[in-house]
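Some notes on the structure that comes next.
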Amino acid sequence: VTNEPHAAAPESFTATTDREPWGYYEQLRERHEVAWDPVLEAWAVVSYAGCKHLLRNDKRLVHHPAQDTPRDSPIYSSEGPMNTIFLDGEEHARVHTWWVRQFKAANIEGWRTHFIRPLVEQLIDGFAAGGQAELSRDLVEPLPIRVIAAIVGLPWEDDALIDRLKILFKIKLESFDGARATHGGPTAETDDVRQAQIDALLTASREFDRLVTPTIELRRRNRTGDMISKLWDDGAMLMQPFELREVCSAVYNVFFAGTDTTAHATRNALHTIATRRPIAEQVRAGGDRALVAFVEEVLRLTGTVHFRPRVADAEIALGEVTIRPGDRVVAMLMAANRDPERYHDPEVINLAREVPTDHLAFNFGPRFCAGAPLARAVIQEAVRGALERLPELRLDPEAERPRFSGFVLRSYQPLHVRCEPSGP
Ligand code: HEM
């Protein structure tokens, strides 16, 4: 299922909002390795090698534009001191390494067994017998938020809490989408609209703090091995001071970093399973190896996070251009993942690629995604559940078709499916 293809490459990446940008990436690649985007007001880097060069040199040649956010601004105050995007140098490296350690393989396998698989089973139980579902609502959206609640140590089975958290993160996402200064997205229509988004963001982040503070205070005195307890165990080594505000900020940011991102990627994986029967059969027949390779190929091809913005701190020669200090530059991660210089037949889902994990869906370099192992486990278990429990999964021919939508984060939705046997 594809949206309308682009007849001609639009002038700006922003024109691909709520559409498949694949044609745009190809047309841009044919003309340039690095192209000026007049709406983003940034250099767009489309090659795999160019993106890797930029991201490998993050914190040296470039920095994230959010780092220029004034420390007394409402945006900074809503995020708090543990948002890694605001951190730099040694302090960032320390906090980043800590996050990476939390997602080590042994932890992932424990969470996979104790939370992820049972949750997938429970969610599929909710609709399988009825023979149809909207997978986004019934399986994808409830999954990552509850998994993260479980690992940080919040009551993940508390429906009222989870529903409220979802609303608070939606408010944050709306503000994030309106923040052109941060990532080049579509601007809010007026200053008043932007101000209303920021006010709502501040109120939402304060409510989040109120909701999680009782658990965080409890763990300060009584550690149980969950992530909040580990933050109390190790916090003093990460930054000073390290108090309630720092723990709230860490918990807030890990939810935001891992919830919608994983949901979009899971939708893309399930969309592929529901629309490409031969691939689904190949994955089903290939066991765990094929499942892992399939998830990597979906991350590479449709991913979630389409680009990352940066600001140059030095002259950078890329392709035919020289990027000057102060210029904005955008790593087009999903264009890079389809670069024929790097991938043979890049458009093809190939479960036998030599290094299936070297794509840029999770970024690269000093700011690579710390939670990638958790995201992978969640997507794998959702796909495994669909293959094992819903063997006849296909799009519902009578319901609204999925469209590729979003700007920074993108996926196919809605996912109305049928899963009853399709007959002889
Ligand atoms: C498919 C799902 C995911 C995708 C595509 C994704 C992608 C990314 C990307 C592109 C970045 C770099 C941001 C930048 O520096 O511009 C990032 C950073 C990060 N991600 Fe993820 N992410 C996913 C899931 C998760 C999950 C599940 C968690 C944790 C529960 C997580 C935690 C983080 C953290 C802590 C960082 C900051 C790393 C740092 O700068 O030190 N992510 N992610």
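The values are calculated or read from the model by the stated rules, or taken from the named source; none is laboratory data. The structure presented is a predicted model; accordingly, all values stated were derived computationally and were not measured. So basically every Cβ, Gly included, is an ideal-geometry build from the backbone, and we count neighbours across all protein chains shown. Calculation scope for accessible area: heavy atoms of the full protein, side chains included, ligands and nucleic acids excluded. Shrake-Rupley method; radii C 1.70, N 1.55, O 1.52, S 1.80 Å.
Checking segment 111-132 against the condition returns no match, with no residue being in contact with a Ser or Thr (Cβ under 7 Å, 6 or more places away or on another chain) and open to solvent by 40 Å² or more (accessible area, probe 1.4 Å). Checked against the criteria, Glu392 does not count as among the charged types (D, E, K, R), touching a helix residue (DSSP H, G or I) at 6+ places or on another chain (Cβ under 7 Å) and either free of Cβ contacts under 8 Å to residues at least 60 places away in the same chain or part of a helix (DSSP H, G or I) (or both). Restricting attention to segment 320-346, which residues are touching a residue at least 40 places away in the same chain (Cβ under 8 Å) and among the hydroxyl-bearing types (Ser, Thr, Tyr)? Tyr343 - this is the single residue of segment 320-346 that is touching a residue at least 40 places away in the same chain (Cβ under 8 Å) and among the hydroxyl-bearing types (Ser, Thr, Tyr). Pairs are defined by a Cβ separation below 6 Å, a sequence spacing of at least 6 or placement on different chains, a first member in segment 347-362 that is under 23 Å from Glu20 (Cα atoms), and a second member that is of a type in the set (Phe, Trp, Tyr) and assigned to a loop (DSSP other than H, G, I, E, B); the pairs so defined are Phe362/Phe368.
Among the residues of segment 357-381, the ones that are more than 6 Å from the ligand (Cβ to nearest atom) and either part of a loop (DSSP other than H, G, I, E, B) or at pLDDT below 95 (or both) come to 6 in all.
With the structure loaded, tell me whether Pro340 is modelled with pLDDT under 95 and either open to solvent by 20 Å² or more (accessible area, probe 1.4 Å) or within 12 Å of the ligand (Cβ to nearest atom) (or both) or whether it fails that test. Criteria not met by Pro340.
Being basic (Lys, Arg), crowded, with 20+ Cβ neighbours inside 10 Å and within 26 Å of the chain's Cα centre (by Cα) is a property that Arg267 has. For Ser77, the conditions (1) open to solvent by less than 50 Å² (accessible area, probe 1.4 Å); (2) of a type in the set (S, T, N, Q); (3) touching a residue at least 12 places away in the same chain (Cβ under 8 Å) are fulfilled apart from (1). Within segment 274-284, the presence of a residue that is assigned to a helix (DSSP H, G or I), under 18 Å from Leu333 (Cα atoms) and in contact with a strand residue (DSSP E or B) (Cβ under 6 Å, 6 or more places away or on another chain) is excluded. Residue count for segment 391-411 satisfying the condition of being within 30 Å of Glu109 (Cβ to Cβ), of a type in the set (A, V, I, L, M, F, W, C) and modelled with pLDDT of 95 or more: 1. Residue pairs whose Cβ atoms lie under 9 Å apart, separated by 6 or more positions or on different chains, with the first residue in segment 304-319 and without any contact (Cβ under 8 Å) to a residue 12 or more places away in the chain and the second part of a loop (DSSP other than H, G, I, E, B) and crowded, with 16+ Cβ neighbours inside 10 Å, are Glu315/Leu61.
In summary, Thr224 fulfils each of the numbered conditions (1) loosely packed, with under 15 Cβ neighbours inside 10 Å; (2) in a helix (DSSP H, G or I); (3) in contact (Cβ under 8 Å) with a residue 40 or more places away in the chain with the single exception of condition (2).
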